[in-house]
Amino acid sequence: LYTFRPRLCGAFCILEFRMYDLRLGDCLEVMRSMPDCSVDSIVTDPPYGMSFQSQWVPAERRKAKIAGDGKPFIWWLAEAHRVLRDGGAMVCFTDWRNQETWRIAIECAGFDIRSHCVWDRVGHGMGDLSAAFAPRHDVFWFATKGRFKFPGKRPVSVLRHQRPASHHSPHPTRKPVELMLELVRSVTPPGGVVFDPFVGSGSTGEAAAIGGYAFKGCELSPEYFDLAKANIEQAHQAQVD
């Protein structure tokens, strides 16, 4: 049911599925190939601009820093606005240090900021043990294009889901699928198309599969592309079984 046909298209590879379209390549090039107003929601966790690398994991087992994470990678937002349908919505994670940069960039791209929201990760991270509060949350902006209406019950601005343990996760900033599913369901109409320009390990795509949504996504890293493909395929197969 979900067999794929790989084909080359410019600088990226496309895997074509009946329910999802996952592409290996630069998100800007991928989005430029997408039609206007072709997705119903964007739910994504882009490179914030924090050069994250866990110090909790021993040096020999630390994962490489996320590509483009040296400073806020905001240049995709105008294309994202173009491919999002009128009346669509975007959820964009960020970091408290750079959240204002992201707010300005999101508005400059044409979106309307509607809410500033918090993900309560349940467990806290490390950081400066003697001079900083133990970090237990991430933040994200909720923005819309044109007149938007929630497809279901109005969501709350604080979402509580356990963060995956970084030393057990194959991706350094993996978001829990349960969190992404709550977000996808909150902002996407039934049967809609969810788009993630920064697929990572595939949490958004897995959530789309569980929720019965079509999914489009792209990932720059071949390693994480393969990981996301496997995770999304598994999520689809679980729905079939």
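For the reader, a short list of remarks on this structure follows.
- Simple label model, 7 Å out from Cα along Cβ direction - E178 to A132, nm: 2.7 nm
- Packing-based ranking of 154-161, 38-45 yields 38-45, 154-161, ordered from highest to lowest mean Cβ neighbour count within 10 Å.
- Along segment 35-47 the Karplus relation, 6.51 cos²θ - 1.76 cosθ + 1.60 evaluated at θ = phi - 60°, assigns HN-Hα couplings of x, 4, 6, 9, 10, 8, 8, 10, 10, 8, 10, x, x Hz to successive residues, with x for each Gly and Pro.
- Calculated SAXS-style log₁₀ I(q)/I(0) at q = 0.13, 0.14, 0.19 Å⁻¹ - segment 110-233, Debye, Cα scatterers: -0.59, -0.69, -1.17
- Solvent-accessible area, 1.4 Å probe, carbon plus sulfur percent, for segment 173-236: 53 percent
- Average accessible surface for segment 92-227: 48 Å² per residue, computed with a 1.4 Å probe over protein heavy atoms with every protein chain in place.
- Of all accessible heavy-atom area on segment 112-158, the percent that carbon and sulfur account for (1.4 Å): 55 percent
The values are calculated or read from the model by the stated rules, or taken from the named source; none is laboratory data. Because the structure is predicted, anything quoted here is derived from the model rather than measured. Backbone-built Cβ (ideal geometry, glycine too); neighbour counts: all protein chains shown. Note: areas computed on protein heavy atoms with side chains; ligands, DNA, RNA excluded. Shrake-Rupley method; radii C 1.70, N 1.55, O 1.52, S 1.80 Å.
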